[in-house]
Amino acid sequence: MELILKYFPNLTETQIQQFESLMPLYQEWNEKINVISRKDMEEFYLHHVLHSLAIAKFIEFKPDSAILDLGTGGGFPGIPLAIMYPECQFHLVDSVGKKIKVVHDVIERLGLENVTAQHVRAEELKKKYDFVVTRAVAPAKQLLLWSKKLIATKHKNIIPNGIIALKGGDLKEELKELGKGEYYEKNPITDFFPGAYFQEKFVIYIQG
């Protein structure tokens, strides 16, 4: 938790308690199904929670923003972001039912009232959102194909609505595939959190 408080010192007592509760909950689930790799579990707050919160350093979501976490897996980046922004609404979806079962349990036991989770494919969604967030789900071009129809046209945040994706590695070719008409930004996570783990990891913003 010291790691989270180092970069986000103004958390409320409720937020601190919720972040502290995350690791035991995921450890408990990991004994039943493999939600998070054993190696990653040792660095849970660095690899999963702080990594997810790189999005909170890129943008401060305004109250009442609607955010879709597409391919949430065990709940990242959606759960840490929902703790950080209790006045925003988060919808976490994944096509793997057992992962959503974990997410439902975490939401309930943390008392997160601003989060819903659903076992559904991106193509089946109908609602509109201000932002679609993802972590290591699909190439940027595919994310844009899934997300375009889901992004609201009315903007309320400091940047236009769109996709905010956590990605790693050499993304030059992948981003080139978006085409010249698409606006995107590539932000190194080391700008927010220095350290070896975040080398070659980025927050990618694609305007929707």
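The values are calculated or read from the model by the stated rules, or taken from the named source; none is laboratory data. Nothing here was measured: the structure is a model prediction, and the numbers come from that model. Neighbour counts run over all protein chains shown; Cβ positions are idealised from the backbone, glycine included.
For the reader, a short list of remarks on this structure follows.
- Qualifying residue in the stretch 66-84 (condition: surrounded by 14 or more Cβ atoms within 10 Å (Cβ to Cβ), out of contact with any helix residue (DSSP H, G or I) (no Cβ under 9 Å at 6 or more places or on another chain) and under 22 Å from ALA122 (Cβ atoms)): yes
- Residue match in the stretch 125-145 (condition: modelled with pLDDT of 95 or more, surrounded by fewer than 17 Cβ atoms within 10 Å (Cβ to Cβ), within 21 Å of PRO80 (Cα to Cα) and within 16 Å of the chain's Cα centre (by Cα)): no
- Scanning the stretch 108-150 for residues that are touching a Pro at 6+ places or on another chain (Cβ under 9 Å), among the aliphatic types (A, V, I, L, M) and over 19 Å from PHE202 (Cα atoms) yields a single hit, LEU112.
- Within the stretch 173-194, being in contact (Cβ under 8 Å) with a residue 40 or more places away in the chain and in a loop (DSSP other than H, G, I, E, B) holds for PHE192, PHE193.
- Candidate set from the stretch 46-57 (those that are under 22 Å from VAL93 (Cα atoms) and of a type outside the set (Val, Ile, Thr)); member that is farthest from the chain's Cα centre (by Cα): HIS47
- The residue that is surrounded by the most Cβ atoms within 10 Å (Cβ to Cβ), counting only those in the stretch 1-20 that are of a type in the set (Val, Ile, Thr) and assigned to a helix (DSSP H, G or I), is ILE4.
- Taken over the stretch 132-172, the residue count meeting the criterion of being touching a residue at least 60 places away in the same chain (Cβ under 8 Å) and acidic (Asp, Glu) is 0.
- All positions within the stretch 101-124 that are within 18 Å of the chain's Cα centre (by Cα) and modelled with pLDDT under 95: ARG121, ALA122
- Restricted to the stretch 21-36, and to residues there that are within 13 Å of PHE76 (Cα to Cα), touching a residue at least 40 places away in the same chain (Cβ under 8 Å) and among the aliphatic types (A, V, I, L, M), the residue that is surrounded by the fewest Cβ atoms within 10 Å (Cβ to Cβ) is LEU22.
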